[in-house]
Amino acid sequence: MMLGFMHHQYSMMIDSWFKCVCFLQYWYDGDETGDLPVDFSIVWDGDFFIDKPSTMKALLYKCEAQRDSCGLCLKASTAFECGWCLDNKKCLLKQHCQTPEQNWMHPGRHNVRCSHPRITMIRPLTGPKEGGTRVTIEGENLGLQVREIAHVQVAGVRCNPVPSEYISAERIVCDMAEALLPHSPGGPVELCIGVCSAEYRTQSSQTYSFVTPSFNRVRPEKGPVSGGTRLTISGRHLDAGSTVTVFIAQEECLFVKRTKRDIVCVTPSSLSGSGPASIKLLIDKAEVTSSDTRYIYTEDPTISSIEPSWSIVNGSTLITVTGTNLLTIQEPKVRAKYGGIETTNASVCTVVNDSVMTCLAPGIIYTKHQAPESGLHPDEYGFILDHVAALLVLNGTPFTYYPNPTFETLGNSGILEVKPGSPIILKGKNLIPPAPGNTRLNYSVMIGETPCLLTVSESQLLCDSPDLTGEQRVLTHFSISAFLLQIVVGGLEYFPGTLHIYSDSTLTLPAIIGIGAGGGVLLIAIIAVLIAYKRKTRDADRTLKRLQLQMDNLESRVALECKEAFAELQTDIQELTNDMDGVKIPFLEYRTYTMRVMFPGIEEHPVLKELDVSSPANVEKALRLFSQLLHNKMFLLTFIHTLEAQRSFSMRDRGNVASLLMAALQGRMEYATMVLKQLLADLIEKNLENRNHPKLLLRRTESVAEKMLTNWFTFLLHRFLKECAGEPLFMLYCAIKQQMEKGPIDSITGEARYSLSEDKLIRQQIDYKQLTLMCIPPEGEAGTEVPVKVLNCDTVTQVKDKLLDAVYKGIPYSQRPQADDMDLEWRQGRLTRIILQDEDVTTKIESDWKRLNTLAHYQVTDGSLVALVQKQVSAYNIANSFTFTRSLSRYESLLRTSSSPDSLRSRAPMITPDQETGTKLWHLVKNHEHADQREGDRGSKMVSEIYLTRLLATKGTLQKFVDDLFETVFSTAHRGSALPLAIKYMFDFLDEQADRRQITDPDVRHTWKSNCLPLRFWVNVIKNPQFVFDIHKSSITDACLSVVAQTFMDSCSTSEHRLGKDSPSNKLLYAKDIPNYKSWVERYYRDISKMPTISDQDMDAYLVEQSRLHGTEFNTLSALSELYFYINKYKEEILTALDRDGYCRKHKLRHKLEQAINLMSGSS
C-alpha cells in the first residue's frame, strides 16, 4: 500500500509567475511504482483557488522503486537523473551514491553498458530442427539497445534477434536457424552483450530441445462440407515451436488452442465437396503430414421435418427433428428470431442417430402483455449446425408459438383447504394449445415433494392429491411430450398457492370418549341381534361377501386395464416406428398383381396358360374371328348389354366377363378405354332414366362397366403403387402385424389383445410374458443364432411363424419355408433336444376342451436356445397332424371365406368339436356361450366393454401410419411422384358427363369420383395388401385393415355421420379424424380439377405405351376361349340382338359371329 502526505508551500508572485520561496522534501511510502503523478493547487490569499488544467500534475519519483537491476535503472527517463551505483548495487540519484565519479553509471555517459546479464526464462522450450521458431528470452541486463546484442545461440544453433520485438534490458526475441545436425542435441541459450567476455556472457538454466512433431489421429473423423467442426488432432510434440498452422485440403483450419498431445482448430468449408481430405501442419518451418490420417468431408446435414412444429412463447418444449447426416454436427442448436431479437435453445440438441435428434425449442421475446391464442410465427426459424448456412433459416417449415399457460391462485388468498385424497382443481388459461396433431403439453404437479396424478382439460388441471397432511406448496412445471410417459421440467414455474390438508378428526377428547361409549353399547346390541339371527343370516352374509369380493376384483380389473391401455398408448408409438426402419418392400410382379385383383382366389387361371395344343386348327381360327368381332365397338357393346339383360347372368359372371375382356384387350388399352367410357356413359344414362339417386352410381359392382373400371385403374396405377403409395400401405400392414403380435393372439378364434376391430378383440385379461429366444436358422450352425421376441402364451405354430419372420426378414413370403414344414426343436445342453408341437401326449384336456400347447405349457424360459429343422415324418406326427388338421378344417374354410375381397368384416368362427373324440380345441379364450363356462369367465364378460379402451390405444399407436397412407393417396404430388394421368382423365370424363346432363350438385360429382376411384380401387387394395405385396395376411390383420378401409370410405363420403353411444365402435374410433380426412379429399378433388386437361391424343399415346409394356402378360387366345363360353350359353339372345341393331346388320356382324360359332361347333 502506498501512503502520501499533503504539504503546504508558501510562494511569491513575480511578474505574473509564482515562485516557491522555501524548499521542502515531498515523499510517498512503498516501492510499488517508480514514478507517481500527483495533483496540486495554487491558493491565493488563503482561500481563493486559482484555476489550472485538470491534466496538469506534479510528478514524484523514486529511482530505486521497481528498478532493481542495472538495465532497468539506466532505461529510466533521463529527466529523473537516475543512475546505477556500483557499490550499493542500487538505482540512486548521483548525490546519494558514494564516490559517484567511479561508482555511479548514468545513461548520459559514453558506451555505458551493464554487466552480468542473466536469463530468467525462455519460451518455447522445444521446436523443430527445421528452424523458424521464434524464441523469447527474458531476463536482466539484456542490453539497452538491440545493437548491443552481440551473440545469441539456442542449443548451439544461431538465433537472429528481431528488433521490433526487443524490450530494452528485459526481453530478446530471435528467430531460430535450421539445425544442421541430423540428431541435434538440446542445450541452453547463450548470449553476449557487447563483447563476449565473462562478465558480459550468460547462459540459461533451462534447456531447449529439438523434437519431431507428428500426429496419428483426428477427432471427429468426419464433418460437414460447410465446415465449422471443432477438430482435435492428436499426436506427439504438438506444442513445439512458436507458431502452428493447420491445413485441411489446402484450406486453413482456424486455430483455437494446442497442448503437447492435441491441436484444436475449426474446419474450413470444402471447396471440392465431400470426400476425404488430407491434413497438413506447419509448425514454424517444419511441415508435418500423415498419409494414414485423413479427415472426411460429408454432405451437409438436411432437415426434413420438425415434430411438433410448435411450442410456447417461453420455449423449452421437446421437439423431434428428422433429417440426414446429423451425427456430423457437434453442438446442434435451434434458433428463432422474432421482432429483430434472436434466441437459441438453452442446451445443445441430443443427436439420437444420423437421422433423428431431440431439441428444446427456443423461446421468443414477446414484449406485449399476452400472445394471441392463434399463435405467433417467428420471422426466422432454423438451426445452428456448425457453419451450415443453408439451415439457419427454414423457409418451408412454419413454426408456431402459442401463449404460455397461466394459472389462477388457489382460492381468494392463495390458500386452499382440502381433505386428504380430495381432488384439487387448478384453473388456468392456454393449458392445451390449439395446435394440430396429437402432441400436448405435459404437466407435472408437485405437492411438496410428492407428485400427483393429472387430468388435463383446456382450462383446468385435475390433480388427485396424495394422502398428506399439513402445509405443502404447490409447484407446477410443464414441458412437451409426443405420447411418451416422461416427466420433464420445462422453463416456467408457477406457485398457485399453499394447500392446507387436514384430517377429518377434529373432535375433542370428551366427545371421542362419549362417542366410543355410545358405540360400545350399540355394538353390544348389534352383536346380540346378530347372534339371535345367526342361522337365518349366514347365507346372506356369504352371498354379500362373495358379491363384495367380485366387485372389488372387478374394480381392480377395470383400473388395471385403463392404466395398461394408457401406458401402451404412450410407449408403443416410438418402438413401432423404430422397428419399421429399413424394411424392404416385397412388391409382386405386374402379372401376379393384376391377376389377384381380376380373379381373386384363383392361382392358375387359364389366361396365364397357352391354349391347349391338342385343340383343332378350327378353334384357333374361330377365336381369331371372335377377336376381330370384339375389336368392333358396336359388337362389343351389344355383346355386353345383351349379357347384362339376362337374368341368369349373375354378379360373378359380370365380374368374370369384365376381367376376361380387360385381359383380352391388354394389348389395345386405348380401345378398351374408349369402350369403358361408352359403357360408363350408358350406365349414367340408365341410372337417370330409372330415376335412381345419382349418388348410387358406381356404388356396387352390378355391371360389367364397374368391374372393368376397377381393372382399368389396376392396370394404370401399378407404377404409382410401386413408386409412391405402396410404401405407406406396406408400412401400415407391417405396423398392424407387429402391433398385433406384441400381445396375445388366439390361434383358434383369431381374437387379439391389440386390435382395431371390436369383433376381434380379446375381452379378457390374459396373463403373459415376453421371452427372447435364440433361434438357430434352418441349416444354420452354432454361432448363427438370431434373437427373436415371442410370448410365453404363443402356440408352437405361432412361435414358428415369428421365428421365420425374423430369420427370413426381407424375403418374400412365397420364397421362404412355411411353418407347417418345420419342426421347433428346444435344445437344452448338448444332447437334450425336445420337439415342441401344438398337440402331443402332454396336451391338457379338461372336460371336452383340449387346449393347444404353448411355451408356458412346456416351461420354456427366457433366453432358451431353439432351432428350426425340417419336419420329421413319423407315424406319431402324422396322427397328430391329421387330428389337428381335421379339427381346424372348418375354421380355416370359414376364415378363407371371411377374408375374401368382398367381405368388409372378419367374423370369428364357431369351434366345431371333433366328431370322433368329442373334444373342442381352444387356445386363450373359450366360446363364451358354451354351457360349462366358468363363473369367473361370466364375471369377465359382464365388464368386457372396459377392454374397448384397447381399441383406442391400438388406434393411437397406428395413427401415424394411417395418416401417412391417407395423405399419400389424397395428394396430387407426394413423395416426388406426379398424379397419374388415368385419375385426371377419368375425373374429367365424369365432370363432362355431369355437365352434359346438367348435374350441378357438387355432392353428386364428389360422390361419383369417390365411387369411381377410392371405392373401386383404393378400398380393395387397402383391404387386401396381398394383392400388391408377397405377404401373408392373418385374420386379425384382415379385421384391422377392414376398419381402416371403412374409415377410408367414410372420409370420401359427403354425408354427415351422426354418432352416438350405440354407433359401431369402428366409426366411433375415427370419429374425430374423419372430418380432417374429408378436408383432404375435398382439397384433392379440387386440386385435380384445377390441373390442365389431358387431351385424348396424349392419353392415347400413354395407353399405347402401357400396351407395349404389358401386352404379352396374358394369353389372349385363352382369354377369348373363356369368353366364348358366354357366346355359347347366350347364343340365340346375342344373335337376335345383332339382328335388331342397324349398324350390326349393315356390317353383317351376325353372319361373322355365326361363322365363328360354326367353326367352333365343327371342331367339337
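The values are calculated or read from the model by the stated rules, or taken from the named source; none is laboratory data. Keep in mind that what you see is a predicted model, and the values were worked out from it rather than measured. Note that each Cβ is placed from the backbone with ideal geometry, even for glycine, and that neighbours are counted across all protein chains shown. Note: accessible area is taken over every heavy atom of the protein model, side chains too, but ligands, DNA and RNA are not part of it. Shrake-Rupley method; radii C 1.70, N 1.55, O 1.52, S 1.80 Å.
Numbers below:
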| read-out | value |
| --- | --- |
| Segment 849-865 - phi-based ³J(HN,Hα) in whole Hz, Karplus 6.51/-1.76/1.60, Gly and Pro as x | 10, 10, 9, 5, 6, 10, 5, 5, 4, 7, 6, 6, 9, 5, x, 5, 9 |
| Relative contact order, percent, segment 302-402 [alpha-carbon distance under 8 Å, six or more residues apart] | 32 |
| Probe 1.4 Å - accessible area at TRP922, Å² to nearest ten | 30 |
| Heavy-atom SASA rank of ILE513, ILE748, ILE766, ILE296 (probe 1.4 Å, accessible area, largest first) | ILE513, ILE296, ILE766, ILE748 |
| Label-to-label distance, nm, for residues given as THR455 and VAL529 (7 Å Cα→Cβ offset) | 3.7 |
| Net charge of Cβ neighbours under 12 Å - reference ASN1158; Lys, Arg +1; Asp, Glu -1 | +2 |
| Eligible lysines near LYS94 by straight Cα distance, threshold 29 Å, same-chain separation 8 or greater | LYS19, LYS57, LYS62, LYS75 |
| When each of LYS809/LYS1067; LYS260/LYS337; LYS621/LYS677; LYS89/LYS285; LYS1023/LYS1129 is checked by Cα-Cα distance, pairs over 32 Å | LYS809/LYS1067; LYS260/LYS337; LYS89/LYS285; LYS1023/LYS1129 |
| Peptides 177-184, 298-305 ordered by average Cβ neighbours within 10 Å, highest first | 298-305, 177-184 |
| HIS1032 - accessible surface, heavy atoms, 1.4 Å probe, Å² rounded to 10 | 100 |
| Segment 214-298 - convex hull of alpha carbons, volume per residue in Å³ | 73 |
| HN-Hα J in Hz across segment 123-138 - Karplus 6.51, -1.76, 1.60, θ = phi - 60°, x for Gly and Pro | 8, x, 9, 9, x, x, 6, 5, x, x, 6, 8, 9, 9, 10, 10 |
| Value of relative contact order over segment 214-298, rounded to a whole percent, pairs C-alpha under 8 Å and six or more apart | 35 |
| Rounded, prolate or oblate (a/c below 1.5 giving rounded, otherwise prolate when a/b exceeds b/c) for segment 720-854 by Cα gyration tensor | oblate |
| In Å², nearest 10: area of LYS769 left accessible to a 1.4 Å probe | 120 |
| Extension gain from VAL418 to ILE512, taking 0.36 nm per residue of separation minus the Cα-Cα distance | 31.6 nm |
| Theoretical gain in end-to-end length, ASN618 to LYS280 [0.36 nm per residue, Cα-Cα removed] | 113.1 nm |
| Net length gained if the chain between ASN438 and LYS1129 were fully extended (0.36 nm per residue, minus Cα distance) | 242.8 nm |
| Cα-projected label distance for GLN872 with HIS151, points at 7 Å along beta-carbon direction, nm | 9.9 |
| Cut-off under 5 Å, modelled amide H: who pairs with SER290 long-range | ILE279 |
| Residues listed by number, segment 207-230, amide nitrogen under 15 Å from THR245 label point at 7 Å toward C-beta | none |
| Most to least accessible of MET1091, MET662 (protein chains only, probe 1.4 Å) | MET1091, MET662 |
| Inter-label distance for LYS686 and MET674, nm, one decimal - labels placed 7 Å from Cα along Cα-to-Cβ | 2.2 |
| Alpha-carbon gyration tensor eigenvalues x 5, square-rooted, for segment 707-768, Å | 34, 14, 7 |
| Placed amide H near LYS222: partners under 5 Å, 5+ positions off or other chain | ILE296 |
| Highest to lowest packing among 232-239, 597-604, scored as the average C-beta count within 10 Å | 232-239, 597-604 |
| J(HN,Hα) series, segment 89-102, from Karplus relation 6.51 cos²θ - 1.76 cosθ + 1.60, nearest Hz, glycine and proline x | 6, 9, 8, 9, 6, 4, 5, 8, 9, 6, 6, x, 5, 9 |
| Solvent exposure ordering (accessible area, 1.4 Å, most first) of PHE639, PHE407, PHE255 | PHE255, PHE407, PHE639 |
| Whether segment 119-203 is rounded, prolate or oblate, judged on the alpha carbon gyration tensor where a/c under 1.5 counts as rounded | prolate |
| Three-way shape call for segment 302-402 based on the alpha-carbon gyration tensor, with the a/c threshold at 1.5 | prolate |
